[in-house]
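Since the structure comes first, as structure tokens, the remarks are kept for the end.
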Amino acid sequence: MEHQVATIETVAETLILPLFEGVNKPPNRALIGLSRSAQSQARGAIASEDFDGKSSKTISLWDSECKVILLGMGKSEDLKENSARDAGAKIVASLGKTHGKNLTVRFTSGWKVNQMVAFAEGMMLRDYKFDKYMSKEEDNDDDDAPYNVTFQASARHQERLTAGCDRAAAITTGVHIARDLGNEPANKLYPMEYATRAQAFAKGKGNLSVTVLDWDDLQENNMGGLVNVGKGSEHKPCMVIWELNAKAKDGPCPIIIGKGITFDTGGISLKPGAAMDEMKFDMHGSATVFGLLVALHGVGHKGHMMGISCMAENTPSSTAYRPGDVIDTYSGKTVEVLNTDAEGRLVLADGLWKAGEFNPEYIIDLATLTGACVVALGHEASGLWSNDDDLLERVRKVASDSGELAWPMPLLPAFEKQVTGSKIADVKNLGDRYGGSNSAAAFLKQFVPEQGEDDDKKQYPWAHIDIAGTGWGTSTNATVAHGATGVHVRTLVRLINNE
């Protein structure tokens, strides 16, 4: 979506006029630029009982020069940013070919700048599709053109609205790139292809670097989690290490880690065939890391931060790891493998331990980790676990503010006891049958590095976000039509910027 901000003057092909409940006549300057017939229609519709301004209520008016959509926003005092964002997304979803690609959104009385920006962000987020592998006909060029939207408001709001919309556009670019990566089929996006794309994005950006640990590097460093999960595939695993603003190092920095299983068959513990095609989404944690770096670079983030993407493809073959194997990890701890479909936690084990080498302020991992999390929370919220109450609350709040719920879940000693109960290794990669998302988080906790020495040792603040239910398939998410969601790019931008 292309956008600009302007004062209330002219209108484009379609005018979108969001109005609050209780309005029975056009606000001041609301109809400027419309023809007399369009103004008459709009006045009549606003005054009628057919339009009461209640949330999501719309009326579409037709005029030969400009179409008008009246959009109800509910009571002005009740409007939250999340509701404004959803309203912007839903209006884009409702547009048809007849509305054209040139839109004017006119904010009149009752609107605050943060609400305007949220509405604009919702429109930007929804204006997405993944159709790169579909054949195109020449006469469909207009359909593929981006929307060109002018957001109009009074002169006193211009500076803040412009800055807010520009920032929203930069973050939306990161979200859309995360969606692109999640939607890519596994024959097009495999571990080293992800690394190649990361290097291509970083090229020429002086404040962003990408280091790739390839197959040989992983073996040399004894990163057995990645090595074993990925060794059954012809597409070998890798670790991608991102660093933004290295010159700004002045202490600990945030480190964000993503699970990047570009396709998950389950390995020797083969998954059922139904919906296995969706396992291309199993790299969405690393897709979010990529999108986050794009977003932070786009908004001009000045602080030092790092990302780690743990990339592998989990397939069965004569070289694949097996149930019953005991594998080494980068931490030095050994893992008894009970199920090769519990692979995401193994690659993250190496990534978590690697993060301890970079003086983290806190560590957050994102992973499409467990079906049990979807059973618990559906597609409405990500699961959230942490060893630090302050970090947990910060993540919970910024996720809520972003409209990307992260629901606190229990990290109880009983779950840790389950995964440390192996008879032949330090840890086992499955807990008991029940509470599977909790025992998965407890497994990851065993690989969170420590700071300090001797009796003063304690783990770095760490949070685990299970996005198995929110990375795709979220039919109630207004900002997404289908496929990968780009979830928590916006959450983490807020967190890292201390918003």
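The values are calculated or read from the model by the stated rules, or taken from the named source; none is laboratory data. Here the structure is a predicted model, which means the values were calculated and not measured. Neighbour counts are summed over all protein chains in view; Cβ atoms, including those assigned to glycine, are modelled from backbone coordinates with ideal geometry.
The number of residues in the range 297-324 being buried (at least 17 other Cβ atoms within 10 Å of the Cβ), over 21 Å from the mean Cα position of the chain (by Cα) and assigned to a loop (DSSP other than H, G, I, E, B) comes to 4. Condition first: crowded, with 17+ Cβ neighbours inside 10 Å, of a type outside the set (A, V, I, L, M, F, W, C) and touching a helix residue (DSSP H, G or I) at 6+ places or on another chain (Cβ under 8 Å). Now tell me which residues in the range 352-390 satisfy that. TYR362, ASP365, THR368, THR370, SER382, GLY383, SER386, ASN387 - these are the residues of the range 352-390 that are crowded, with 17+ Cβ neighbours inside 10 Å, of a type outside the set (A, V, I, L, M, F, W, C) and touching a helix residue (DSSP H, G or I) at 6+ places or on another chain (Cβ under 8 Å). Condition check for ASP127 on (1) within 28 Å of LEU292 (Cβ to Cβ); (2) over 29 Å from the mean Cα position of the chain (by Cα): one failure, at (2). Across the range 405-415, a minimum of one residue is classified as of a type in the set (A, V, I, L, M), more than 24 Å from GLY483 (Cβ to Cβ), in contact with a helix residue (DSSP H, G or I) (Cβ under 8 Å, 6 or more places away or on another chain) and surrounded by fewer than 16 Cβ atoms within 10 Å (Cβ to Cβ). For the range 94-105, the count of residues that are under 23 Å from THR162 (Cβ atoms), among the aliphatic types (A, V, I, L, M) and either at pLDDT 95 or above or not assigned by TED's automatic domain parsing to the domain that holds SER400 (or both) is nonzero. Against the test of being surrounded by 24 or more Cβ atoms within 10 Å (Cβ to Cβ), assigned to a loop (DSSP other than H, G, I, E, B), over 22 Å from the mean Cα position of the chain (by Cα) and of a type outside the set (A, V, I, L, M), the options GLY204, GLY267, GLY225, GLY251 yield a single qualifying residue, GLY267.
Screening VAL11 against (1) in a loop (DSSP other than H, G, I, E, B); (2) out of contact with any strand residue (DSSP E or B) (no Cβ under 6 Å at 6 or more places or on another chain); (3) of a type in the set (A, V, I, L, M, F, W, C) leaves a single unmet condition, (2). The set of residues in the range 452-473 being farther than 28 Å from GLU404 by Cα and modelled with pLDDT of 95 or more consists of LYS458 alone. When restricted to residues that are part of a loop (DSSP other than H, G, I, E, B), hydrophobic (A, V, I, L, M, F, W, C) and within 11 Å of ALA440 (Cβ to Cβ), the range 327-379 contains 2. Filtered by the rule that a residue be closer than 17 Å to LYS129 by Cα and surrounded by fewer than 21 Cβ atoms within 10 Å (Cβ to Cβ), the range 479-498 gives ALA481, HIS482, GLY483. When the residues of the range 439-475 are filtered to those that are within 22 Å of the chain's Cα centre (by Cα) and assigned to a helix (DSSP H, G or I), the one that is surrounded by the most Cβ atoms within 10 Å (Cβ to Cβ) is ALA441.
Checked against the criteria, LEU348 counts as surrounded by 24 or more Cβ atoms within 10 Å (Cβ to Cβ) and either in the same structural domain as HIS464 (by TED's automatic domain parsing) or in contact with a Cys (Cβ under 6 Å, 6 or more places away or on another chain) (or both). Of ALA38, ALA45, ALA84, all but one fail to be closer than 17 Å to GLN152 by Cα and touching a residue at least 24 places away in the same chain (Cβ under 8 Å); the exception is ALA84. With respect to (1) charged (D, E, K, R); (2) over 24 Å from the mean Cα position of the chain (by Cα); (3) modelled with pLDDT under 95, the lone exception for ASP426 is condition (3).
Just one of the listed residues (ALA186, ALA178, ALA168, ALA153) is touching a residue at least 40 places away in the same chain (Cβ under 8 Å), touching a strand residue (DSSP E or B) at 6+ places or on another chain (Cβ under 6 Å) and surrounded by 15 or more Cβ atoms within 10 Å (Cβ to Cβ), and it is ALA186.
For the residues ALA468, ALA481, the requirement of being over 28 Å from SER331 (Cβ atoms) and touching a residue at least 60 places away in the same chain (Cβ under 8 Å) singles out ALA481. Starting from residues that are of a type in the set (Asp, Glu) and over 27 Å from THR104 (Cβ atoms), keep the ones in the range 140-197 and report whichever is nearest to the chain's Cα centre (by Cα). Per the criteria, the residue is ASP180.
Quick one: in the range 476-496, which of the residues that are touching a Leu at 6+ places or on another chain (Cβ under 6 Å) and outside any loop (DSSP other than H, G, I, E, B) is farthest from GLU393 (Cα to Cα)? Among residues in the range 476-496 that are touching a Leu at 6+ places or on another chain (Cβ under 6 Å) and outside any loop (DSSP other than H, G, I, E, B), the one farthest from GLU393 (Cα to Cα) is VAL489. Kindly establish whether GLU404 is touching a strand residue (DSSP E or B) at 6+ places or on another chain (Cβ under 8 Å), over 25 Å from ILE241 (Cα atoms) and part of a loop (DSSP other than H, G, I, E, B). Criteria met by GLU404.
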